[in-house]
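Quick note: the coordinates plus some simple rules give every number you see, no bench work behind them. What you see is a predicted model, and the numbers here were worked out from it, not measured in a lab. Ideal geometry is used to build each Cβ from the backbone, glycine not excepted, and the neighbour counts take in all protein chains shown.
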Amino acid sequence: MNRELFRLIAGQVCLHACMTGMRMATPLMALRAGETAATVGFLLALFALTQVFLALPAGRYADTHGLKKPVAVSVCMASLGAASAAIWPSFPVLCFSALMTGGSTGAAIIALQRHVGRAAQDVTEMKQVFSWLSVGPAISNFIGPLIAGVLIDYAGFQWAYAAMAVFPLLAWFWVRTTQELPAVVNTEGQEANSAWDLLNDSMFRRLLLVNWFLSACWDVHTFVVPILGHERDLSASSIGSILGAFAIAAALIRFLLPMVVARLQEWQVITTAMLITSALLGIYPFAQGALTMGICSVFLGLSLGSVQPMVMSTLHQITPESRHGEALGLRLMGINASSVLMPMVFGAAGAVIGVGAVFWCVSLAVGLGARSAYLLRVHKKHE
């Protein structure tokens, strides 16, 4: 990992930590203020909902302006959102904060991913840099909630929000000296194209479908495991440990990936991960105790944690360089739309067919979807 990549990862961690800290603190404050669970669910949905609508414009903006301008705008949005909650900690302002911090984080990540993908010298380096970049969210998912939680306990919510407002400023400190890459000159007539024209490419559609299958697996694990644990009379700490084991495993595999990606093809990793995930989801409902559920979660984390760098590398290879931002925006829009809708779908399905059957349905879908990942082997447009 070179120094510039380290600074970009540090900037990503700071911005994402602001959002994860706010995502932990705002619903907790709302609950303590007497808001209902439905209201808190609405508040949480706002963090992802903004990214659904901002992802595509943010991708276009990154294609036009590069890295630092989109990150600067994101820093201002995130700091404003968190600082607003620190000054006026009311529920409407918390909703505004969720919109600002969620949307700004998504926009900045698109610009960062576009930059590191373009900066890579070859396919092997591209897989390595995306492996390192994917470590960032794993770190910020720990740092943001931890700092926010400690400050809430010892100083109060407003001090926690104030600290979250500082994180984006630290992100700008890390990113501000990054050397911008040369602008990409569009081919004739390309500027008039709609972002949706990218979907005319069957390979890109296939990649988005694979990405959606994998995102649904993350969502089903996050949403259904607490319900499954509750049905089996597991304690809250046991359920938290199961989810924590998944997160640690997903982070661990991303630390290891840069050492081995040179020997692996993207489609091989994605296809294998989907087949393993399908098998694990199929047997998960048969795991009765916390230990067996924890073991399944660890292997699921290792499997699902390995795919994002491969998806990102593939995306940069199959889309035009001048439209990487748009492609990343479409991908992020799909992921966040799934995060908003899937919990409702899983909840309704679980009430009708049972929680275990939800796992089996997703297992079947991912297993069948592995064929789409296998077909990505013919994607090498730039080789």
Toward the positive end of the charge dipole of the chain, about the Cα centre and with charges on Cβ (Lys, Arg +1; Asp, Glu -1), which of Ala17, Trp360, Pro182 goes farthest? Pro182
Can you list the HN-Hα couplings for region 325-340, worked out from phi with the Karplus curve (6.51, -1.76, 1.60; θ = phi - 60°), rounded to whole Hz and with x for Gly and Pro? x, 4, 4, 5, x, 4, 4, 5, 4, x, 4, 6, 4, 5, 5, 7
Relative contact order, percent, region 198-378 [alpha-carbon distance under 8 Å, six or more residues apart]: 42
Cβ-based exposure ranking for Ser303, Ser97, Ser237, in which fewest neighbours within 10 Å come first: Ser237, Ser303, Ser97
Starting with the fewest neighbours, write out Ile147, Ile109, Ile353 ranked by other beta-carbon atoms found within 10 Å of each beta-carbon. Ile353, Ile147, Ile109
Prolate/oblate/rounded call for region 10-59, Cα gyration tensor, a/c under 1.5 rounded: oblate
Rg to Rh, two decimals, where region 309-355 supplies the alpha carbon set and Rh follows Kirkwood: 1.24
Which residue fluctuates most in the GNM of the chain (Cα springs below 10 Å): Asn200, Asn336, Asn141? Asn200
What ratio of Cα Rg to 2.2 N^0.38 Å holds for the chain? 0.96
Stokes-Einstein D in µm²/s, Kirkwood radius over Cα pairs - region 198-378 at 10 °C with 1.306 mPa s viscosity: 94
How do Thr271, Thr222 rank when sorted from fewest to most other Cβ atoms within 10 Å of their own Cβ? Thr222, Thr271
From the Cα trace of region 1-110, what convex hull volume per residue do you get, rounded to a whole Å³? 95
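Would you mind estimating how fast region 57-168 diffuses translationally, via Stokes-Einstein at 4 °C and 1.567 mPa s with the Kirkwood radius over Cα pairs, in µm²/s?
85
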Short version: what are the Cα gyration tensor semi-axes of region 215-259, square root of 5 times each eigenvalue, largest first, in whole Å? 25, 13, 5
Report the semi-axes of the equivalent ellipsoid for region 144-294 in whole Å, largest first, where each axis is √(5λ) for an eigenvalue λ of the Cα gyration tensor. 35, 29, 16
Over region 3-175, what is the mean sequence separation of C-alpha contacts under 8 Å (at least six apart), divided by residue count, expressed as relative contact order in percent? 44
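So how strong a dipole does region 3-175 carry about its Cα centre when Lys and Arg Cβ are +1 and Asp and Glu Cβ are -1, to the nearest 20 debye?
Roughly 280 debye for region 3-175.
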When only Cα pairs under 8 Å and 6 or more residues apart are kept, what is the percent relative contact order across the chain? 27
